[in-house]
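Data block below; observations after.
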Amino acid sequence: GIRSTNPVITQFQDIENVTIPKTFYVGDYWEFTEKNRQGFVNDVERLGFTFVTSYFPQLSDIYSYTSLAGRVITIPASFDPEIYNDWKMHKLYDVGFLAAGTAEYSRHYPERHRIHNKLLKRKDLSYLWARHPGWDWGENLPLVGKNFSKAINSCHMFITTGGKYRNANAKYVEILASKSLLLATEPVGSDLLRLVDGDNYVKITESDVMDKIDYYLDRPE
């Protein structure tokens, strides 16, 4: 992944001397496109990368006017069925929302914090939430990996949002794979994920999410 204006991770020395076709995978593109878009192009060309592989489709549009046009390939979110699956959990909760920016405000996901606070006020709903565990992942975290999938599976419906960039984060497919009704804002690249409102997910906005929760709780079928 790329987390600065320079795409080379320090252990990959002299990568510009590797003459076979080569690529690298970009996740959080906004960490360099917000401030130094051209610097990224310069690094890709200087180091001789053949193409760039991107988690989100926005990167292709951002660089469509540069020498990287046609060289940014989107590989969207996917899941491992050994980790994300229908575990046949008893439905303990009406709705779940486990994500960065829910309990703690994030400038990237301001809508999550507001939706979370709306849900907290609804004492008639059973609501699964927890503080984000951070990025120091370890085996003892209770809601990571398969346990995260089981938590999703224990909810009738589960929420995710794309934030200010409308990113199609992994939760879009992880929630579907974990057999919970997906309530989500429409992301950029929804066509790549084959998301169809009213068919395999429910498109929400911050303003109508509570109404849609009530609608589907009244219609369990």
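The table for this structure:
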item: Filtered residues of region 117-133 (kept if touching a residue at least 12 places away in the same chain (Cβ under 8 Å) and more than 17 Å from Phe148 (Cβ to Cβ)); result: Lys118, Leu119, Arg122, Leu125, Ser126
item: Test for Ala99: is it over 15 Å from the mean Cα position of the chain (by Cα), small (Gly, Ala, Ser) and part of a loop (DSSP other than H, G, I, E, B); result: no
item: Filter result (of a type in the set (D, E, K, R) and either touching a residue at least 40 places away in the same chain (Cβ under 8 Å) or in a helix (DSSP H, G or I) (or both)) within region 167-213; result: Lys171, Glu174, Lys179, Glu206, Asp211, Lys212
item: Test for Ile204: is it more than 25 Å from Gly27 (Cα to Cα) and of a type in the set (A, V, I, L, M, F, W, C); result: no
item: Boolean, Gly145 is free of Cβ contacts under 8 Å to residues at least 24 places away in the same chain and on the phi > 0 side of the Ramachandran plot; result: no
item: Residue identified as in contact with a His (Cβ under 7 Å, 6 or more places away or on another chain), modelled with pLDDT of 95 or more and open to solvent by 20 Å² or more (accessible area, probe 1.4 Å) among Leu181, Leu120, Leu176; result: Leu181
item: Residue in region 150-164 that is open to solvent by 50 Å² or more (accessible area, probe 1.4 Å), closer than 28 Å to Asp199 by Cα and under 16 Å from the mean Cα position of the chain (by Cα) present; result: yes
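The values are calculated or read from the model by the stated rules, or taken from the named source; none is laboratory data. Here the structure is a predicted model, which means the values were calculated and not measured. We place every Cβ from the backbone using ideal geometry, glycine too, and count neighbours over all the protein chains shown. With ligands, DNA and RNA removed, areas are computed over all heavy atoms of the protein, side chains included. Shrake-Rupley method; radii C 1.70, N 1.55, O 1.52, S 1.80 Å.
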